[in-house]
Each structure stands twice: as C-alpha cells, then as structure tokens.
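Remarks on the structure that follows.
Here, each number is a calculation from the coordinates, and none is a lab measurement. Bear in mind that the values here come from a model prediction, so they are computed numbers and not experimental data. Every residue, glycine as well, gets a Cβ built from its backbone with ideal geometry; the counts of neighbours run over all protein chains shown.
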Amino acid sequence: MTGLASGRVAVIDVGTNTVLLTVAERRGPSFHPVVERAEITRLGRGVDRTGQLDPAAIAETVAAIARYAAEARSLGAGRIAAVATSAARDARNGAAFFEACRAAAGIAPEIIAGGEEARLVHLSAWADFGAAAGRLAVLDVGGGSSEVTWGRGPVPEGRRSFQMGAVRLTERAAPGDPPSRADLERMEEMALGALSEVAEIRASGALSGARLVAVAGTVTTLAAVAQALPAYDALRVHGSVLGRGELSALLARLAALPSPERARLPGMEPKRADVIVAGGILVAAAMDLSGFDELVVSDRGVRWGLLHDRFGAGGPGA
C-alpha cells in the first residue's frame with residue numbers, strides 16, 4: 001500500500017538534542033498518529049564551542065534518521081518531510097551531515113531558520129489549543145535555541161527566535177553536578193539575559209489575553225516528572241497544565257540531585273537528565289518575562305506544524 005493510497009505521510013524533526021518522527025494518516029481535515037518516535041542523539045553537542053558538528057553525533061543522528069525513514073516507508077508513508085533546526089543551522093560542517101543523511105536514508109533534511117521553526121510550532125499549537133484559547137503565546141525551548149510566537153490564528157502575528165536552549169545554556173554555564181547555588185544564579189541570569197526581549201514583547205501588549213502553550217522535550221519532561229509517570233504517556237502530558245509555583249518547586253528538587261539520580265526519577269528521560277535543570281530555568285525565565293503564571297503543555301511541536309503545513313488541507317503536499 002503506498003502513502004498516497006493509505007493517506008499516510010511522515011515528518012522528521014532533527015533538533016539540537018532530539019530526533020523525532022511522526023507517521024500520520026489523513027482522516028478528513030485532520031491527522032491521526034500511526035507511530036511517533038523520539039531519540040536523543042544530541043547532534044548539537046559542542047557546536048556552541050567548536051562551531052562544528054561532532055562526527056560521533058553525526059553518525060548517531062544519521063542512523064536514527066535512516067531507521068525512521070525505513071520505518072515510515074514500511075508503514076506506507078509515500079511522502080516524508082524532514083527539517084533540521086538549531087544545531088545544523090549553526091555548524092560549519094553541516095554539509096557533511098546532510099550528505100550522510102542522503103546516502104543512508106535517501107533524504108536530506110531541509111534547514112529551517114528560527115523564524116520558520118517558530119511559525120511551524122505556532123501552527124501546531126493553534127491546531128490543538130487555538131479554538132478554546134482564542135489567542136495564544138507559544139514557547140518552544142529546544143536544545144540550541146528557544147522561540148516565542150503570539151497571535152490569534154494559525155499564523156502568528158509576531159515571532160522571535162533566541163540563540164539559547166537547554167544544551168547551549170548547560171554548555172555555556174558548565175554547572176557542577178549537582179549545580180551549586182552560584183551555578184543556578186548564573187544560569188538564571190544568563191537565561192533572563194538571552195530572553196530579555198520577551199519583556200519588551202509583553203510591554204507592547206502583544207501577549208495580553210493570551211494563553212501560554214509550551215512545547216518540546218524540556219517542558220514535556222518536566223510535566224512527566226511532575227506527574228511521576230512510570231512511563232511516558234503523551235495522552236497525560238499533552239494538554240496538562242504546569243503552574244509557575246509548581247515549576248519552581250520541581251526545579252529545586254531536580255537541582256538538588258546529581259544527574260544519575262535525576263535520570264532515575266519517574267517521568268525523566270535519562271538522556272535529558274543533565275540538561276533538564278537548564279531547560280527548566282529557561283522555561284521559568286520565559287514565564288517571568290512574559291508574565292504568565294501557568295502554561296499548557298503540548299506534546300507536539302515542529303513536526304506537527306510541518307505535518308499541517310506540508311500535508312494539511314491547502315498545503316503544498318496535500
């Protein structure tokens with residue numbers, strides 16, 4: 001059965017920290033997920049310091065993409081859209097990564113700019129939460145960058161991309177394990193500095209009356225740990241609410257533990273344990289600067305925005 005006959009398509013999102021796959025089936029105007037995968041390969045490790053992708057990270061990421069592409073095709077997805085974000089944008093040797101992808105998987109992810117990444121994330125959030133909220137602010141804390149969008153409708157009225165994410169903040173701050181009070185204060189200062197423009201966006205009134213939706217692995221992991229999920233459950237994470245006070249208490253708990261102990265917490269993705277404190281600090285900084293006291297967690301991000309954009313009704317691949 002071909003992808004066209006089955007109505008199945010696939011999208012792959014190659015981020016700084018994680019590679020994600022969604023194979024979905026078109027049902028009328030909406031999509032139903034057939035398979036969703038996530039694998040932490042940390043493509044962007046060391047990029048902030050060296051300006052280049054690590055060869056081992058390239059190999060691990062390419063292998064994941066090849067597995068994803070093969071699985072998608074075996075499930076009848078005749079069309080695959082793939083994008084790469086922060087790490088691939090920033091690296092001088094990105095061409096080697098794309099050549100390896102083409103050889104191993106038969107596809108080469110398209111590099112998207114931070115603004116386009118933000119647009120796709122906003123589209124995804126609007127598809128799930130826009131009708132109920134009316135107006136959204138969307139926060140995407142990734143590994144190498146963070147994006148903020150806002151507006152009423154699937155197309156954001158404004159968007160900003162900041163070159164600071166959970167991996168980048170961890171590498172720049174180089175905290176102890178567990179981090180000291182001074183380490184935490186330094187990370188908070190760096191996060192507030194990197195995202196300072198969010199305060200200006202708030203002052204302009206652009207976020208007034210909006211509901212905050214947060215996406216990507218940092219916030220979904222925080223939500224899973226907050227709920228002490230014995231195994232990750234997208235149905236319980238997606239649409240859950242995380243308050244600012246709850247986030248502070250959770251961050252204090254995580255920061256008090258060394259990474260190996262964090263990794264064993266219910267709900268924690270073990271490979272994210274070493275960067276989750278920095279990621280949580282970025283989420284908290286964004287909430288403080290934007291004036292929101294709670295957020296709605298989305299288990300969907302760039303890949304679902306890409307799904308709607310490329311294969312949805314009216315999209316170029318529809």
Practice item. Provide the descending list of Cα extents for the stretch 3-111 along its principal axes, expressed in whole angstroms. Key: 46, 24, 19
Review point. Between the stretch 186-224 and the stretch 146-179, what's the alpha-carbon centroid distance in Å?
Key: 8 Å
Check your understanding: Across the Cα atoms of the stretch 107-206, what radius of gyration and what greatest pairwise Cα-Cα distance (Dmax) are found, in Å?
Key -> 15.6, 45
Check your understanding: Taking the inverse of the average 1/r across all pairs of different Cα atoms in the stretch 114-302, what Kirkwood radius in Å do you get?
Key -> 16.2 Å
Point to revise | Which of 140, 183 has the fewest Cβ neighbours within 10 Å, and the rest in rising order | key: 183, 140
Revision key, fill the gap. A student applying the Cα gyration tensor rule (rounded when a/c is under 1.5; otherwise prolate if a/b is larger than b/c, oblate if not) would label the stretch 35-75 prolate
Study note, to complete from the structure: Here the net charge surrounding residue 215, from other residues whose Cβ is less than 12 Å away from its Cβ (Lys, Arg +1; Asp, Glu -1), is -4
Practice item. Mind listing the long-range amide H neighbours of residue 82? Cut-off is under 5 Å, sequence gap 5 or more, other chains count too, H placed in the peptide plane at 1.01 Å from N. Key: 12, 110
Study note, to complete from the structure: Most packed first (mean Cβ within 10 Å per residue), the peptides 94-107, 120-133, 39-52, 214-227 order as 214-227, 120-133, 39-52, 94-107
Point to revise | Ellipticity estimate at 222 nm from DSSP helix runs (n ≥ 4, -39,500 (n - 2.57)) divided over the chain, nearest 500 | key: -13000 deg cm²/dmol
Point to revise | Relative counts (whole %) of C-alpha pair distances in the chain, using bins that are 20 Å wide | key: 35, 60, 6
Review point. For the stretch 178-249, what is the Kirkwood estimate of the hydrodynamic radius, computed as the reciprocal of the mean inverse distance between distinct Cα atoms, to one decimal in Å?
Key: 14.7 Å
